[in-house]
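In what follows, a structure is listed as structure tokens, so that the remarks can point back to it.
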Amino acid sequence: MVDTYILGKSELNIDSPEKISGRAMYAIDMTLPGMLQARVLRSPRAHAKILSIDTSAAKAIPGVLAVITGQDLPFLEDFPGDRPTLALDRVCYIGDAVAAVAAETLELAEQAIAAIKVEYEDLPAVFDPEVAMSEDTPVVIHPSGKGPGGKVMGNNQAHWYGAADGDLEKGFAEADLIVENRFTTGMAQCAPMEPHVALADVDIYDNCVIYCNTQTPYLVKQRVAEILKVSPHKIRVVVPPHIGGGFGCKTRIKGEGIASALSRVARKPVKLVYSREEVFADTTVKHPFVIYIKDGVKKDGTLVARSIRAILDAGAYTDGTVGGLVTRNAAYGAVGVYKVPNFKLDNFRVYTNKPVGGAFRGFGVAQTTWAVESQMDIIAERLGMDPLEVRLKNLLVDGDYNPEQYLMDAVGSRPTVERAAELIEWGKPADAPISPTAKRAKGIAIGCKHFSIQTSSAAIKVHEDGSFEVRSSVTDIGQGSRTVMAQIVAEEFKVQMSQVRVIRVDTDVTPLDTGQSGSSTTVKAGHAVRLACKETKRQLFERAATLLEAAAGDLDTAGGRVFVKGSPDRSIAIQDLFRKLPMGAPGYEYGPFLENSSDLVGGAMFYPQNERGPKGEPLPKVGFSYCSQAVDLEVDVETGRIKIHKLVSILDPGKPMNDQLAIGQIEGGVGFGIGTGILEEMSFRDGKPTNANLTDYRIPTALDVPNVDQLVFDQVETNFAYGPYGAKGIGEVVVCATSAAIANAIRSATGVRVVAMPLTQERVALAIAEYEASRV
Amino acid sequence: MTKAEVRATINGRERELRVDPWRTLLEMLRDDMELTGTKLGCEAGECGACTVLMDGKPVVSCMSLAADADGRTIETIEGISTAEHLHPLQDEFLKLSAFQCGYCAPGMIMSSKALLEHNPHPTEREIREAIAGNLCRCTAYVGIVKAIQNVAAEGVS
């Protein structure tokens, strides 16, 4: 980035010094005097009626100060209103919350949980979404939502999203080749290292303070107000500045409502820390997908038609608006890269008696990308073309309308995939495998994910010493958003980073924001902070104008001084805009006041307008970022074990705000991509999780990822004029391409096309064995 | 219930504590001594966030009984630096911004410290083996491994 003062540089993450010293305070470290410990009783049944709940024995235990059930909290979250805070008359999956207790110690809370007697009557359960949506489903879990034409859909179908362009039948008729496949993806857990924590303190006026590690503080505020049936002004959500990871599963409300309700009963602070098993079973998971994709192509590789039908396994409920959004946004993974003149897509989200699908890094797009980028290789193979060539032939470019009618802008597919190809030496055969039982090859894939452009607000307070305080309700789950916000203020006021402090999120102080999700933070908070700086400057310049005898419009600021443009000697220090009372005047020793005001605070809101398609149709405002990946790997044909020799990941960040933090996202994305691509899958037996812990559910260890010199990262910039300082959202696109690149390499190496993700060792070994057997 | 007596050297100071015999070392450190730098991640020895050094060797404190610390030397993240001086590993992790959310950092740093004290010039493979019990969800371990390599190359002071 040219002409910047501090943006785009690798400024040190402002939170690192606290984190490496062990001083960093996380929600899990918070305590309050007299604090009680909470535990939740969870359903052991996949689907059952609750006949009775007897809490009398639990309540009788000395030291147990609150016991609540669903009857105490008859609240259903809207959109579509299928999920109570605690089960009402029915449980819908193993792990569903039934009752909760707060006691003086964790041991007492556990005793109380064990003393609650629940009588269940089993109901039929369904675990496969394709069975659940059929006529043959053994049970209907919730009423269906509305589908095409506004009609109520079939069994267990919660959400639908459709998109179409051109004439599909005509497209298929024109095609020289039809390629049809079915792909699946597994259920995964975000598995942040810090479990979900809520420490709630409700006073006798029902004022409630909640310390928690949420990604969406203002949503917690609204929902807890609804659960407690009090006005939102009574709810204050405080998020310690450090959060031990999120990746989606800390969006919306998790344990905060239960902790608050318990605190209101006990009138004492109540801390609820999810166990690791609860993080697996009762926070939201990555929706498993079944994706049917049918493509029509010309002999020369031109795509003429594509239809996609995706079935999302919703699990037992809907996590508020997230259910509909994942169903909708998964489509972005099918429309951001390729020109498809005749297109149709239908996504269905279907209830099953399993944990609830919600926000997960990639937000549906990682799943559709898996299918589309595997399919592109299959097309290339069927046509005898190079996979890179087929991709390049069909790319959308700036100025094209994509199949959802978005006018494409700052398209980064070509530069990222070409750079990835160059660095993996595409076209040059892979070296010989190291193991005598392995085969080796390269694979490539293009990742493209939308980033939501959402609403946010921010405020900047100017302190009497001329330093700046940033107030934003965007939480930092590790990606470094606090650092980037500080950089923007430092940039705008031309001051050192040490002159800027970002305060922790506290809904009593920090202004409204729509949450840390959808790779939205950089763009929305970036703009909100930038606009807040503009408003703060306006106020500063207005105050300085009289003193400098200049027009406010002629002023600028740098290094803590306001000066007349072109005459830097006509200047005033920002701290001199505050009024020091003369010595001896009442209050003189308390510090300077601000004339005619209490604080010098400039606030602003960023509100994106919807986009419009060519016929004026409204479209949610999004941008597209790109991350192409290429891999050189060997796979052991006997064991199915994958060894990555080189993994290249090339990101289009628009213009990066902070190089080191952007590279951090690429690194983390690769770890996430490898984990969800080859290792991680939640498994169940009759709805009972069989690996809800970090031993059996394997996220990558240091031994599961390539060596440092085998990972090659780079960025290619695109010109995204809408972004703050040209930046795009990048947190999720970095995870999208990995699994398809790996599957494509496995196919090239072995001849085996694995269509189920993750590409676990067992799955790959079985696929190779079947393939070998079929060739005999 | 009889309490267990624990006499241990914790971060260089002799301490005497009385704890419930079932209490874990992690609970004693975090709850009784307010040494919250050591983190709780899984309570099952799976994630390594609670790693501390017992007589110089890394242990997952969530799977160790507090009573087992009797007569031992315990080191936590709070004990390896002062307000003025960071441990060389901390310096290097800081310089490379090796962590993102930072929740695994204390355990990771303790495991790395034990490694370098035992094996000052580890191979990359040995580094990866030494921290394989410390899960990081944010970074793919790139900066973490590099930082340990850099400190090993310079020699631990």
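Bear in mind these aren't lab numbers, they're just calculated from the coordinates by the rules spelled out. Please read all numbers here as calculations on a predicted model, not as lab measurements. Cβ placement follows ideal geometry from the backbone for every residue including glycine, while neighbour counts extend to all protein chains displayed.
In segment B:122-146, the residues that are acidic (Asp, Glu) reach residues that are in a helix (DSSP H, G or I) with C-beta atoms within less than 8 angstrom, at least six apart or across chains, in these pairs: B:Glu124/A:Val708; B:Glu124/B:Val145; B:Glu124/B:Gln149; B:Glu126/B:Leu115.
Just one of the listed residues (A:Glu549, A:Glu617, A:Glu589, A:Glu611) is under 39 Å from the mean Cα position of the chain (by Cα) and either surrounded by 15 or more Cβ atoms within 10 Å (Cβ to Cβ) or without any contact (Cβ under 8 Å) to a residue 40 or more places away in the chain (or both), namely A:Glu611. Restricting attention to segment A:471-506, the residues that are of a type in the set (Asp, Glu) and in contact with a strand residue (DSSP E or B) (Cβ under 8 Å, 6 or more places away or on another chain) add up to 2. Considered as a group, the residues in segment A:651-680 that are assigned to a loop (DSSP other than H, G, I, E, B) and not hydrophobic (A, V, I, L, M, F, W, C) include one that is nearest to the other protein chains (Cβ to nearest Cβ), and that residue is A:Glu680.
Each residue in segment A:715-742 was checked for being closer than 23 Å to A:Asp377 by Cβ and not small (Gly, Ala, Ser), and 8 of them qualify.
Scanning segment B:19-51 for residues that are more than 10 Å from chain A (Cβ to nearest Cβ), closer than 18 Å to B:Gly79 by Cβ and touching a Leu at 6+ places or on another chain (Cβ under 7 Å) yields B:Leu25, B:Leu26, B:Met28, B:Leu29, B:Asp32, B:Cys50. Beta carbons closer than 8 Å, at least 6 apart along the sequence or on distinct chains, pair a first residue in segment A:170-187 that is more than 30 Å from A:Gly357 (Cβ to Cβ) with a second that is of a type in the set (S, T, N, Q) for A:Lys170/A:Asn342; A:Gly171/A:Asn342; A:Phe172/A:Asn342. None of A:Ala158, A:Ala191 is out of contact with any Cys (no Cβ under 7 Å at 6 or more places or on another chain), more than 14 Å from every other protein chain (Cβ to nearest Cβ) and among the aliphatic types (A, V, I, L, M) except A:Ala158.
Taken across segment B:80-91, residues that are touching a residue at least 12 places away in the same chain (Cβ under 8 Å), away from every other protein chain (no Cβ under 13 Å) and either buried (at least 22 other Cβ atoms within 10 Å of the Cβ) or out of contact with any Gly (no Cβ under 7 Å at 6 or more places or on another chain) (or both) do not occur at all. Would you say A:Ser456 is in contact with a Pro (Cβ under 6 Å, 6 or more places away or on another chain) and either among the polar types (S, T, N, Q) or at negative phi (or both)? When the stated conditions are applied, A:Ser456 does not pass them. Residue check: is A:Gly687 surrounded by fewer than 24 Cβ atoms within 10 Å (Cβ to Cβ), away from chain B (no Cβ under 13 Å), among the small types (Gly, Ala, Ser) and under 30 Å from A:Asp128 (Cα atoms)? Yes, satisfied. With the structure loaded, tell me whether A:Ala57 is within 14 Å of another protein chain (Cβ to nearest Cβ) and touching a residue at least 60 places away in the same chain (Cβ under 8 Å) or whether it fails that test. Judged against the criteria, A:Ala57 is not a match. If the condition is being closer than 28 Å to B:Thr82 by Cβ, in contact with a helix residue (DSSP H, G or I) (Cβ under 9 Å, 6 or more places away or on another chain) and of a type outside the set (A, V, I, L, M, F, W, C), then segment A:1-34 contributes A:Ser10, A:Glu11, A:Asn13, A:Asp15, A:Ser16, A:Pro17, A:Lys19, A:Ser21, A:Gly22, A:Arg23, A:Asp29, A:Thr31. Of the residues contained in segment A:751-758, none is found to be in contact (Cβ under 8 Å) with a residue 60 or more places away in the chain, part of a helix (DSSP H, G or I) and of a type in the set (A, V, I, L, M, F, W, C).
For segment A:64-86, which positions are surrounded by fewer than 23 Cβ atoms within 10 Å (Cβ to Cβ), among the aliphatic types (A, V, I, L, M) and either closer than 16 Å to A:Asp122 by Cα or in contact with an Asp or Glu (Cβ under 9 Å, 6 or more places away or on another chain) (or both)? A:Leu65, A:Leu76, listed by residue number. Taking segment B:117-144 as the search range and keeping residues that are surrounded by 20 or more Cβ atoms within 10 Å (Cβ to Cβ), over 20 Å from B:Thr36 (Cβ atoms) and more than 7 Å from every other protein chain (Cβ to nearest Cβ), which one is nearest to the chain's Cα centre (by Cα)? If we take residues in segment B:117-144 being surrounded by 20 or more Cβ atoms within 10 Å (Cβ to Cβ), over 20 Å from B:Thr36 (Cβ atoms) and more than 7 Å from every other protein chain (Cβ to nearest Cβ), then B:Ala130 is nearest to the chain's Cα centre (by Cα). Within segment A:746-776, the residues that satisfy the criterion of being of a type in the set (A, V, I, L, M) and either over 23 Å from A:Gly186 (Cβ atoms) or within 28 Å of the chain's Cα centre (by Cα) (or both) are A:Val754, A:Val755, A:Ala756, A:Met757, A:Leu759, A:Ala773, A:Val776. Checked against the criteria, A:Asp709 does not count as surrounded by fewer than 21 Cβ atoms within 10 Å (Cβ to Cβ) and either away from chain B (no Cβ under 14 Å) or within 26 Å of A:Ser519 (Cβ to Cβ) (or both).
Can you pull out the strands (runs of 3 or more DSSP E) entirely within segment A:418-537 that have at least 2 residues that are among the basic types (Lys, Arg) and surrounded by fewer than 24 Cβ atoms within 10 Å (Cβ to Cβ)? So the answer is A:438-452.
The number of residues in segment A:260-286 that are more than 24 Å from the chain's Cα centre (by Cα) and of a type outside the set (S, T, N, Q) comes to 10. Selection of segment A:212-247 for residues being crowded, with 24+ Cβ neighbours inside 10 Å and aromatic (Phe, Trp, Tyr) yields only A:Phe247.
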